[in-house]
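First up is the structure itself, then whatever we jot down about it.
The values are calculated or read from the model by the stated rules, or taken from the named source; none is laboratory data. Just so it is clear, the model here is predicted, and its values are computed rather than measured. Using ideal geometry, Cβ is built from the backbone for each residue, glycine included, and neighbour counts are taken over all protein chains shown. The protein model used for the area step is the full one, side chains on, heavy atoms only, and it has no ligands, DNA or RNA in it. Shrake-Rupley method; radii C 1.70, N 1.55, O 1.52, S 1.80 Å.
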Amino acid sequence: MVGAPRVGVLALQGDFREHLAVLTELGAVAIPVRREQELDQVDGLVLPGGESTVIDKLARNFGLAEPLKAKLAGGLPAYGTCAGLILLADRVVDAGPGQQSFGGLDVSVRRNAFGGQVDSFETDVLVDGFEGPPVHAAFIRAPVVDSVGPAATPIAHLTDGRVVAVRQGALLGTSFHPEITGELRFHRAFLDTVAARL
Ligand code: GLN
């Protein structure tokens, strides 16, 4: 497709294949990113679900963490799901030993906020600005946004008021995994953001 946005998916660990499939389905050129040269070729980046401590460690070992931090600080559009949201957060509560994030989103994110794997659940969530039915959201050892700083805007809450999706300029983060439930609206919104910046 001529002029399709080139969107990377951080492919160090986690469910990056599912994100690559959704982005391809939506007409983007989807590129797995493991090295700095690959990062340099993309107009936006998705950070997948998985294990944020592992992705953080691998990114530092692969020499990708510093270039990625610089890109995000420079305005690279990015969308993080679950572990990806943790990696995009400026502040992480209950981080693993020595765990770092890339930052960008002016939020505090609490890891494993609902408990362990057995406490995973699915529920419907209303998202500000989305047309159509609520989002059917899968929470898998999911984080929650504990506090939202002035630069970021919450766009989805659980019924108890806890924030599970945020937006800040070209950055988007969700506690849950649209890439595994056939929900396309987040990726579509993200691609619109990427296209608008080209
Ligand atoms: N609990 C994981 C972490 O801390 C995130 C889980 C997920 O991405 N599904 O990174």
**Message:** Filter region 152-164 down to the residues that are among the β-branched types (Val, Ile, Thr) and away from the ligand (no atom under 14 Å from the Cβ) and list them by number.
**Reply:** 153, 155, 159, 163
**Complete:** Restricted to region 54-86 and to residues being more than 16 Å from the ligand (Cβ to nearest atom), open to solvent by less than 10 Å² (accessible area, probe 1.4 Å) and in contact with a Phe, Trp or Tyr (Cβ under 8 Å, 6 or more places away or on another chain), the residue nearest to residue 191 (Cα to Cα) is 77
**Asked** If you check residue 155 against the conditions, is it under 19 Å from residue 8 (Cβ atoms), open to solvent by less than 30 Å² (accessible area, probe 1.4 Å) and either of a type in the set (Ser, Thr, Tyr) or free of Cβ contacts under 8 Å to residues at least 60 places away in the same chain (or both)?
**Response** no
**Asked** For residues in region 23-69 being of a type in the set (S, T, N, Q) and touching a Gly at 6+ places or on another chain (Cβ under 9 Å), which is farthest from residue 98 (Cα to Cα)?
**Response** 41
**Single residue of region 18-53 satisfying the filter (in contact with a helix residue (DSSP H, G or I) (Cβ under 9 Å, 6 or more places away or on another chain), part of a helix (DSSP H, G or I) and not hydrophobic (A, V, I, L, M, F, W, C)) that is most open to solvent (accessible area, probe 1.4 Å)** = 25
**Item:** Test: residue 149 is more than 9 Å from the ligand (Cβ to nearest atom), surrounded by fewer than 16 Cβ atoms within 10 Å (Cβ to Cβ) and on the phi > 0 side of the Ramachandran plot
**Value:** no
**Fill in**
When region 113-136 is checked residue by residue, the ones that are open to solvent by less than 60 Å² (accessible area, probe 1.4 Å), out of contact with any Leu (no Cβ under 9 Å at 6 or more places or on another chain) and within 16 Å of the ligand (Cβ to nearest atom) are 113, 114, 115, 116, 120
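Okay, residues lined up against (1) assigned to a loop (DSSP other than H, G, I, E, B); (2) closer than 17 Å to residue 47 by Cα:
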| site | (1), (2) |
| --- | --- |
| 87 | no, yes |
| 91 | no, yes |
| 103 | yes, yes |
| 109 | no, yes |
| 114 | yes, no |
**Request:** State all residues of region 1-13 that are within 21 Å of residue 56 (Cβ to Cβ) and buried (at least 24 other Cβ atoms within 10 Å of the Cβ); if no residue qualifies, say none.
**Result:** 8, 9, 10
